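Okay, structure first, notes after.
The values are calculated or read from the model by the stated rules, or taken from the named source; none is laboratory data. All values derive from a computational prediction rather than experimental measurement. Because the Cβ atoms are built from the backbone with ideal geometry, glycine has one as well, and the counts that use them run over all protein chains shown. What goes into the accessible areas is simple: the full protein's heavy atoms, side chains included, and nothing from ligands, DNA or RNA. Shrake-Rupley method; radii C 1.70, N 1.55, O 1.52, S 1.80 Å.
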Amino acid sequence: TYEVQVLAPQTLRVDNALAHIVASADLTLRGSYDRPSLTGRVDINRGEATFQGNRFVVQRGAVEFTNPAVIQPVFDIEAETRVRVKNGNFTSYGQTYRIGVGVTGTTDRLMPTFTSDPQLPQIDIVSLLFGETDPTKLSEAELRSLDNPQQANLNLLRASAARLLTSPLSASVGKVMERRSEEHTSE
């Protein structure tokens, strides 16, 4: 059995084509080789990620490991991007939307939230994030913003978007944590 405490003040880094993140960690790795346990917290000090050509800036972020029985990260991350929608011609731009994306929960039960300024329905925000920038559709979307989209479609869209948004990030954080644990156990 082992017990290793990992203190990493602003030294955890993810630096690849998808994300540039600097994080701090206070983690404890316990257990045995066959049954490891990881508890503690990783705070994202600063970060940005690229998804579908949009640059997201992390406003706040934390990944907690609270379950001593299984290594299961719990995400609480908020990021923001700006999406500029083209006018009818290709040389000028029209409306700019400030879009906020929040992700909370475990990898198997993520709850994404989407906000925009100016306000749009969540389903239309996700459409913007996936590259739908047809101005005629957006103006129709603004008119529909008073209506509630069907809950089943929204839940399906949220789950799909959350998986896409967090899978590169969680994989990168997992690899960094694995590498840090291996470095400290070998010391």
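Name the residue, out of Thr28, Thr11, Thr39, that is among the hydroxyl-bearing types (Ser, Thr, Tyr), over 29 Å from Leu128 (Cβ atoms), at pLDDT below 90 and more than 16 Å from the chain's Cα centre (by Cα). Before the answer, list the steps.
Values: Thr28 fails: at pLDDT below 90; Thr39 fails: at pLDDT below 90.
Thr11 is the lone residue from the list that is among the hydroxyl-bearing types (Ser, Thr, Tyr), over 29 Å from Leu128 (Cβ atoms), at pLDDT below 90 and more than 16 Å from the chain's Cα centre (by Cα).
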In region 55-88, anything at pLDDT 90 or above, of a type in the set (Val, Ile, Thr) and closer than 23 Å to Asn16 by Cα is listed as Val57, Val58, Val63, Val74, Ile77, Thr81
Test: residue in region 49-70 that is surrounded by 16 or more Cβ atoms within 10 Å (Cβ to Cβ) and not in a strand (DSSP E or B): no
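Output yes when any residue across region 32-45 is open to solvent by 60 Å² or more (accessible area, probe 1.4 Å) and touching a Lys or Arg at 6+ places or on another chain (Cβ under 7 Å), and no when none is. Spell out the reasoning first.
The initial filter retains those residues of region 32-45 that are open to solvent by 60 Å² or more (accessible area, probe 1.4 Å), namely 33-35, 41, 45.
Pick out the ones that are also touching a Lys or Arg at 6+ places or on another chain (Cβ under 7 Å) and you get none.
Looking for residues that are open to solvent by 60 Å² or more (accessible area, probe 1.4 Å) and touching a Lys or Arg at 6+ places or on another chain (Cβ under 7 Å), one finds none in region 32-45, hence no.
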Applying the selection to region 24-79, what residues are among the hydroxyl-bearing types (Ser, Thr, Tyr) and in contact with a Ser or Thr (Cβ under 6 Å, 6 or more places away or on another chain)? Thr28, Ser32, Thr39
What number of residues in region 46-67 are in contact with a strand residue (DSSP E or B) (Cβ under 7 Å, 6 or more places away or on another chain) and within 20 Å of Thr28 (Cβ to Cβ)? 5
